[in-house]
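Have a look at the structure below before the remarks.
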Amino acid sequence: MPTKILFAGDGSSNLSALLSAFRLAGLNVEYFTRPEDLLCHLREQGADLVVSDMHVQGTDGVDLLRTIHQQNPQVFRVLFSCAVAGKKFRTALEQRIIERWFDKNNGHNELIRYLKEFGNHAYTAVI
């Protein structure tokens, strides 16, 4: 069964280009601009992995991934953002709220490669 991937972002043109790259890579990624829509979809239909941009409508990616960790701890959580610093980010990494982080400045190829390989490995979210 294919990996079910959800992506949260702010709807910027950069993210539209990323979604096109996902499709070209053969990835089936459902995209959400509103965190509450993603959370509702996750409750009703589930997912294997959620990728969040740092910039999400009404919140930030760390807080969204924290909510997902609390409500659906079995879902793998990835942050895709520019270089991030600060206590909130470091704490989220230490507590495994964010299980992987990819730097936008390095382009999206690394993230795409990871998402393609995700379904071929037995990754388990830390609960």
Margin query: Whole percent per 5 Å bin, from 0 to the bin with the longest distance: what is P(r) over all C-alpha pairs of segment 3-71?
Written below: 4, 18, 31, 25, 16, 6, 0
Note to self: Just to confirm, what accessible area per residue do you get for the chain at 1.4 Å probe, in whole Å²?
What the structure shows: 53 Å²
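What part of the accessible area of the chain, given as a whole %, is carbon or sulfur when the probe is 1.4 angstrom? Don't jump to the answer; show the numbers that get you there.
Values: 3260 of 6780 Å².
Solvent-exposed carbon and sulfur of the chain make up 48 percent of the total.
Arrange the peptides 37-50, 68-81 so that the one whose residues have, on average, the most other Cβ atoms within 10 Å appears first. Don't jump to the answer; show the numbers that get you there.
On the way: 37-50: 16.0, 68-81: 18.3.
Sorting 37-50, 68-81 by mean packing, highest first, produces 68-81, 37-50.
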Notebook entry, point to check: For the chain, rounded, prolate or oblate, judged on the Cα gyration tensor with a ≥ b ≥ c (square roots of eigenvalues), a/c < 1.5 rounded, else prolate if a/b > b/c?
Noted result: rounded
Checklist line | Check: the chain dipole with +1 on Lys, Arg Cβ and -1 on Asp, Glu Cβ, in debye | finding: 220 debye
Next item on the list: Show which lysines lie in cross-link reach of Lys4 when reach means a straight Cα distance below 20 angstrom and same-chain residues fewer than eight apart are skipped.
Entry: Lys116
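How big is D, in µm² s⁻¹, for segment 52-101 by Stokes-Einstein at 25 °C and 0.890 mPa s if Rh is the Kirkwood radius over C-alpha pairs?
The estimated diffusion coefficient comes to 229 µm²/s.
The values are calculated or read from the model by the stated rules, or taken from the named source; none is laboratory data. Just so you know, these numbers come straight off a predicted model, no measurement behind them. Backbone-built Cβ (ideal geometry, glycine too); neighbour counts: all protein chains shown. With ligands, DNA and RNA removed, areas are computed over all heavy atoms of the protein, side chains included. Shrake-Rupley method; radii C 1.70, N 1.55, O 1.52, S 1.80 Å.
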